[in-house]
Amino acid sequence: MARLEIGDQAPEFTLTSDSGKEVSLSDFRGTHLVIFCYPAAMTPGCTKEACDFRDSLSTLQGAGYDVIGISPDQPEKLAKFVEKESLTYPLLADPDKAVLEAYGAYGEKKLYGKTVVGVIRSTIVVDPEGKVELARYNVKATGHVASLSKALKLG
């Protein structure tokens with residue numbers, strides 16, 4: 001599984017959002033985009049990470065960064081997650097995991113000492129021209145947004 005590197009062209013995608021709307025990478029051309037890939041809506045770690053992005057959204061947007069989340073969940077489950085946690089950015093459904101794979105966020109990983117295949121918690125930042133500005137894999141759910149903000153020199 002190839003991981004994205006700084007300077008790579010970010011793979012184009014169109015996925016269905018929690019609101020049922022189609023969202024494409026090209027919709028964000030001209031702005032910086034934080035894409036966080038997470039295993040499953042409404043699980044403890046993913047909820048913590050999603051809420052951290054929600055709570056940091058005004059700081060990120062103020063610095064010119066939009067945020068989207070991608071998981072293999074269906075749009076209906078994402079809609080419940082958005083409503084339950086009052087999330088204020090789009091969550092995109094990738095049930096066939098093609099986009100997650102293209103972004104290097106799906107494959108073998110260690111889970112409790114065992115090798116399994118699944119979503120690798122990852123964050124990719126795409127610049128206004130569609131190139132990878134930052135790529136982090138195997139990130140921790142807790143404290144990740146603060147670490148990302150520091151890497152982006154936002155605080």
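Distance between the pseudo-spin-label points of Glu12 and Arg136 (7 Å out from Cα toward the beta carbon): 3.0 nm.
Simple spin-label estimate for Glu83 and Ala98 gives 2.9 nm between the two label positions (7 Å along the Cα-to-Cβ direction from each Cα). Ignoring ligands, DNA and RNA, what percent of the 1.4 Å accessible area of the chain is carbon and sulfur? Within the chain, the accessible surface is 51 percent carbon and sulfur. Put a plus charge on the Cβ of each Lys and Arg, a minus charge on the Cβ of each Asp and Glu, and nothing anywhere else: the dipole of segment 1-122 about its Cα centre is then about 420 debye. Taking a ≥ b ≥ c as the square roots of the eigenvalues of the Cα gyration tensor, the chain is classed as rounded, since a/c falls below 1.5.
Applying both filters, DSSP loop and at most 14 other Cβ atoms within 10 Å, to the trypsin sites (Lys or Arg not before Pro) of segment 1-66 gives Lys21, Arg29. Remark: segment 26-77 carries a charge dipole of roughly 40 debye about the Cα centre, counting +1 on each Lys and Arg Cβ and -1 on each Asp and Glu Cβ.
For segment 42-137, the solvent-accessible area with a 1.4 angstrom probe is 45 square angstrom per residue.
Our helix-only sum for the chain, with -39,500 (n - 2.57) per DSSP H run of n ≥ 4 divided by its residues, gives a mean residue ellipticity at 222 nm of -8500 deg cm²/dmol.
Dipole of the chain computed with +1 at Lys/Arg Cβ and -1 at Asp/Glu Cβ about the Cα centre; of Val119, Ile6, Leu91, farthest Cα towards the positive end is Val119. What you get for segment 51-108, charging only the Cβ of Lys and Arg (+1) and of Asp and Glu (-1), is a dipole of about 160 debye around the Cα centre.
The values are calculated or read from the model by the stated rules, or taken from the named source; none is laboratory data. The structure displayed is predicted, hence computed values, not measured ones. As a convention, Cβ positions derive from the backbone with ideal geometry for all residues, glycine included, and neighbour counts pool all protein chains shown. Remember, those area values only see protein heavy atoms, side chains included, never the ligands or the DNA or RNA. Shrake-Rupley method; radii C 1.70, N 1.55, O 1.52, S 1.80 Å.
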